[in-house]
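All remarks here apply to the structure that follows.
The values are calculated or read from the model by the stated rules, or taken from the named source; none is laboratory data. This structure is a prediction, so every number in the text was calculated from the model and none was measured. Here the Cβ is made from the backbone with ideal geometry for all residues, glycine too, and neighbour counts use every protein chain on show.
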There are 2 protein chains.
Amino acid sequence: MKSNSLPQQDNGHPMYHLTRNQQAVLDVLHQQPHPLSAQELYGMMRQQQAIGLATVYRALETLKLHGLIRSRTGTNGESLYSPVLTDQHYLTCLQCGQSFPLDHCPVQELKAPLQHPIPFKIYYHTLEFFGLCEPCTHQVE
Amino acid sequence: MKSNSLPQQDNGHPMYHLTRNQQAVLDVLHQQPHPLSAQELYGMMRQQQAIGLATVYRALETLKLHGLIRSRTGTNGESLYSPVLTDQHYLTCLQCGQSFPLDHCPVQELKAPLQHPIPFKIYYHTLEFFGLCEPCTHQVE
DNA sequence: GAGTGAACGATAATCATTCTCATTGTACTC
DNA sequence: GAGTACAATGAGAATGATTATCGTTCACTC
């Protein structure tokens with residue numbers, strides 16, 4: 001990244017100059033209704049333009065560090081990326097790995113949500129419930 | 001696992017017969033003040049007894065499916081395991097990867113915490129805030 | 001004590017992610 | 001416009017946690 005004047009956006013986050021590829025990755029994530037893995041992203045972008053896998057990972061890393069996208073680890077271990085727009089929370093089954101999105105975020109309603117002594121710049125949060133979905137309760141003994 | 005009578009514990013979870021190794025893994029996790037990775041667990045147990053890495057992973061999988069331990073993915077991608085006793089929530093820095101535990105769980109105070117249409121047996125939940133810790137805010141441009 | 005199936009250990013295989021390095025692109029200066 | 005500096009890129013190798021395989025051992029039942 002080159003030197004730049006770092007103008008402030010109205011949301012308070014500094015606005016950085018994104019490279020063409022970083023912007024392309026962000027665009028694809030915005031167009032998708034569901035979180036994507038890096039590999040899926042790579043496969044999709046490959047069809048549109050020449051891009052390397054390492055570049056996809058580097059772009060995701062940069063976007064994440066600047067609070068533009070969030071990542072979440074799926075049950076199979078791979079990271080799933082999505083834009084930081086709305087809260088996304090899940091019920092995740094430990095057996096089959098399915099995640100059921102929750103449309104309501106209880107954390108928003110907290111009166112005193114974040115009392116912590118550590119100076120910290122919060123970009124987003126995740127709330128996830130783990131257990132067994134109904135079909136899987138019958139399979140685990 | 002052999003056939004057994006599946007007596008109920010007072011917490012409502014069925015109590016299964018654990019193998020010696022599964023019990024040993026659970027014991028080590030109970031003795032540790034911090035979550036452990038499977039590799040760390042393997043290294044520690046290796047010093048006490050002969051055990052295979054695959055067995056450690058298998059034991060963790062079984063314990064997790066029965067709601068006895070929780071797992072959480074660290075910033076380096078490896079899973080960290082700890083007993084399901086208390087809530088554990090974190091502030092996690094996207095830059096340096098450090099996690100700062102929160103001693104207070106706001107989710108407990110919610111009036112109507114879980115209104116979801118899906119029948120689901122919840123073992124535990126995770127609440128994690130992501131962003132930048134103070135030192136790292138200076139490094140990310 | 002024999003039979004049966006789960007649990008085990010060692011090791012190979014898998015696969016997402018990261019690293020390396022030579023090349024290319026992009027400002028910025030003169 | 002040429003030259004320079006450095007970030008960004010792509011291809012492919014390397015890493016490392018996790019999972020699969022397979023022959024052996026253990027625990028329980030009859």
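Of everything in segment A:20-73, what is more than 12 Å from DNA strand D (Cβ to nearest atom), assigned to a helix (DSSP H, G or I) and of a type in the set (Val, Ile, Thr)? Give them in sequence order. Scanning segment A:20-73 gives a single hit, A:Val28. A search for C-beta distances below 9 Å between a residue of segment B:43-55 that is closer than 12 Å to B:Val28 by Cα and assigned by TED's automatic domain parsing to the domain that holds B:Leu29 and any residue that is in a loop (DSSP other than H, G, I, E, B) and more than 9 Å from DNA strand C (Cβ to nearest atom), counting only pairs 6+ apart in sequence or on different chains, returns B:Met44/B:Gln32.
Only one entry in B:Leu65, B:Leu60, B:Leu53 is within 14 Å of another protein chain (Cβ to nearest Cβ), of a type in the set (A, V, I, L, M, F, W, C) and either away from DNA strand C (no atom under 11 Å from the Cβ) or farther than 23 Å from A:Ser79 by Cα (or both), namely B:Leu65.
Each residue in segment B:79-110 was checked for being assigned to a loop (DSSP other than H, G, I, E, B) and at the interface with another protein chain (Cβ under 9 Å from one of its Cβ atoms), and 5 of them qualify.
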